[in-house]
Amino acid sequence: MQQQDRIFKWVCLGCALLIGVLVPGIFLQLGLDSAEAWQKFGIGFLWSAEWDPAQEVYGAWASVAGTLYTTALALLLAVPLSFVAALFVVESPGWLARPLSYCVDLLAAIPSVIYGMWGLFVLVPLMQEYVQPFLGETLGLMSLPGGEWLLGEHYNGFGFLTAGIILALMILPYMSAIMRDVFRMTPPMLRESAYGLGCTRWETTRDVVLRYGIRGLLGGIFIGLGRALGETMAVLFVIGNLIESPEGLFSGGTTIAATLACNFAESDGLQRSSLFALGLVLMLLCFGIQVAAQYYLHLTGARRGEAR
Amino acid sequence: MKKITLTGLEQAPRRSTVFRRLWDVLLSAFSVFAIVLSVGGMGWILYTVLRHGAESINWEFLTSSSKPYGEPGAGIANALLGSLLMTLSATLIAVPPALAGGIYLAEFGRENRLGNVLRFCANVMMGVPSIIVGLFVYVLLVVTTGHFSGFAGAVALAIIMFPVVMRTTEDVLTMVPVTLRESALALGMTRTRTTLGIVFRAARSGLVTGVLLALARVSGETAPLLFTAMFADTWPGGFFSRPTANMPVLISEYTMNSPFESMHAMGWGAALIICLLILFINIITRTIFHEKQH
């Protein structure tokens with residue numbers, strides 16, 4: 001019997017160790033395959049914006065900046081929206097809250113390629129026909145000083161703003177679902193006490209629910225951030241796929257994931273190695289976010305005296 | 001640092017009730033707007049997929065293989081079959097070790113250092129972009145064997161499923177009360193039988209839910225299949241040795257990389273089928289979970 005238990009434990013440990021092999025394995029593989037690019041371009045690869053297959057000169061900046069730009073846009077749009085959406089679901093009565101949270105969960109299950117497709121066939125024409133002329137000309141942002149810097153020189157529906165909107169729509173349900181769960185965990189007693197003191201709904205949320213659930217809130221934002229960074233298909237359809245540094249909201253560009261998806265299949269030699277280097281940069285970004293999130297949770301957990 | 005004293009509290013700024021009410025109403029309006037936007041966005045996407053997709057779905061579409069542009073009688077059956085094969089093999093590859101790994105985290109590695117390291121690795125893996133997994137499997141299987149294959153696609157999907165199932169298994173097992181384990185052990189059962197016979201049975205519906213949700217998530221993944229399974233206009237014959245047709249790559253090929261209206265229509269049809277499948281899995285999952293709660 002003891003023998004059986006020991007075998008069982010070792011089998012389980014072996015399977016769990018697979019995950020411990022996988023993470024360093026991916027780093028190792030990306031590192032080995034990108035060695036050529038790092039040797040050729042050095043650390044300057046990170047901030048060189050050139051990407052010229054004819055000259056065999058490659059740099060990561062256009063893709064990295066595009067990734068950061070779309071992610072920032074998506075978070076800017078999605079964080080306030082998901083926060084108030086979660087608030088609404090928690091505060092609304094049961095008959096409304098249940099179907100709503102069901103809808104939000106379903107939204108999270110739609111594959112990203114379908115978001116991309118919808119973006120390409122519905123959102124891009126809409127942006128080109130209405131939204132971009134409206135922002136650029138009717139509101140006159142284009143003619144303002146710095147307008148060109150904000151929006152880019154011309155527009156065709158594709159570009160960073162479109163990609164940001166699609167990404168925001170994609171990560172909104174994720175973040176909102178997590179925030180909703182956190183808000184639900186606030187003890188009703190605390191919330192009702194606040195109401196009893198005469199607080200309005202917003203004051204209760206700000207001073208009680210938010211303080212109580214700040215960890216979960218940030219956890220949700222981190223998860224949305226991670227998804228937005230690495231999303232491929234939804235962005236690929238609408239970003240325009242030009243390997244150029246971002247010029248403005250309406251200009252076309254690329255992200256790391258989109259560059260990989262577009263160019264990897266036909267690449268070889270130094271270009272392939274540079275693409276692996278891009279992959280390594282993306283992996284490091286995601287890893288960094290994960291470490292930061294875990295460390296933050298650990299820190300706040302320790303400060304509150306919670307046993308982790 | 002500002003000193004908080006009783007006098008400080010007494011001098012707290014007085015805001016008028018009207019202002020507070022107004023602010024509250026404004027925020028409520030904003031939250032209604034946010035909900036309308038997210039639910040409306042979903043409605044819009046699903047409506048578009050349904051409207052365009054329903055036009056192209058017919059018997060021929062569902063039963064014949066995809067063909068190059070211009071040939072009559074094209075369908076998506078080969079892609080559907082390929083996707084099914086790939087997701088099922090991914091499940092077969094990923095689920096048993098993931099369950100065992102989850103058992104380790106929940107039963108043996110709850111407090112110790114190794115458990116924490118592995119848990120951290122699982123969290124990292126859950127955050128790894130799927131396209132990176134595609135690159136990894138490309139080097140691991142496509143370069144070494146010399147050809148794209150459905151099997152490589154299945155492995156990529158399995159790698160994505162693995163940490164998800166592992167972590168949900170851990171979470172579900174942790175929720176089983178310790179007293180149940182102790183009772184089983186006190187009756188003289190081995191640790192193995194306790195875990196597999198008692199704890200697993202108590203956590204059954206949660207485990208099934210976890211696996212199904214991972215399955216649903218993986219069945220729409222496109223990026224990792226681009227460099228592994230690729231696409232082919234043939235039936236998935238050589239699963240281990242040839243590019244294999246699959247739904248997500250078909251959708252992206254037919255919509256993004258094709259200028260032809262008829263192919264766009266087929267892409268919408270495929271999108272509708274995928275949506276229906278995922279919706280179906282989600283509804284099953286909900287029902288299972290619902291039963292448990294009653």
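The values are calculated or read from the model by the stated rules, or taken from the named source; none is laboratory data. Bear in mind that the values here come from a model prediction, so they are computed numbers and not experimental data. Counting neighbours? That spans all protein chains shown, and the Cβs are built from the backbone with ideal geometry, glycine included.
Within the stretch B:91-110, being facing another protein chain (nearest Cβ under 10 Å) and over 11 Å from A:Cys15 (Cβ atoms) holds for B:Ala106, B:Glu107, B:Phe108, B:Gly109.
Can A:Ala109 be described as more than 10 Å from chain B (Cβ to nearest Cβ) and either without any contact (Cβ under 8 Å) to a residue 24 or more places away in the chain or buried (at least 20 other Cβ atoms within 10 Å of the Cβ) (or both)? Spelling it out, it is not the case that A:Ala109 is more than 10 Å from chain B (Cβ to nearest Cβ) and either without any contact (Cβ under 8 Å) to a residue 24 or more places away in the chain or buried (at least 20 other Cβ atoms within 10 Å of the Cβ) (or both).
Among the residues making up the stretch B:175-204, those that are away from chain A (no Cβ under 12 Å) and either of a type in the set (Val, Ile, Thr) or farther than 17 Å from B:Ala106 by Cα (or both) are B:Val176, B:Val178, B:Thr179, B:Ser183, B:Ala186, B:Leu187, B:Ile198, B:Val199. Per the listing B:Val143, B:Val117, B:Val139, B:Val172, the residue uniquely out of contact with any Phe, Trp or Tyr (no Cβ under 7 Å at 6 or more places or on another chain), surrounded by fewer than 23 Cβ atoms within 10 Å (Cβ to Cβ) and away from every other protein chain (no Cβ under 11 Å) is B:Val172.
Residue count for the stretch A:113-144 satisfying the condition of being within 11 Å of chain B (Cβ to nearest Cβ) and either exposed (fewer than 12 other Cβ atoms within 10 Å of the Cβ) or at pLDDT below 80 (or both): 0. Restricting the stretch B:18-59 to residues that are at pLDDT 85 or above and polar (S, T, N, Q), the residue that is surrounded by the fewest Cβ atoms within 10 Å (Cβ to Cβ) is B:Asn58. B:Ile131 fulfils the conditions (1) under 20 Å from B:Phe231 (Cβ atoms); (2) buried (at least 24 other Cβ atoms within 10 Å of the Cβ); (3) in contact with a Lys or Arg (Cβ under 8 Å, 6 or more places away or on another chain) except for a single criterion, (3). For the stretch B:25-81, a tally of residues being on the phi < 0 side of the Ramachandran plot and either part of a loop (DSSP other than H, G, I, E, B) or among the aliphatic types (A, V, I, L, M) (or both) returns 34. In the stretch B:246-294, how many are more than 14 Å from A:Met117 (Cα to Cα), among the β-branched types (Val, Ile, Thr), in contact (Cβ under 8 Å) with a residue 12 or more places away in the chain and out of contact with any Gly (no Cβ under 8 Å at 6 or more places or on another chain)? Total satisfying the criteria: 4. Out of A:Gly59, A:Gly42, one residue alone is out of contact with any helix residue (DSSP H, G or I) (no Cβ under 9 Å at 6 or more places or on another chain), more than 9 Å from chain B (Cβ to nearest Cβ), small (Gly, Ala, Ser) and without any contact (Cβ under 8 Å) to a residue 40 or more places away in the chain. It is A:Gly42. Note on the stretch B:219-230: among residues that are within 11 Å of chain A (Cβ to nearest Cβ), touching a Ser or Thr at 6+ places or on another chain (Cβ under 6 Å) and of a type outside the set (Asp, Glu), the one that is farthest from A:Val235 (Cα to Cα) is B:Ser219. Restricting the first member to the stretch B:13-41 and to residues that are more than 15 Å from A:Leu169 (Cβ to Cβ) and within 7 Å of chain A (Cβ to nearest Cβ), and the second to residues that are small (Gly, Ala, Ser) and surrounded by 11 or more Cβ atoms within 10 Å (Cβ to Cβ), the beta-carbon pairs closer than 9 Å and six or more apart or on different chains are B:Ser31/A:Ala85; B:Ser31/A:Ala86.
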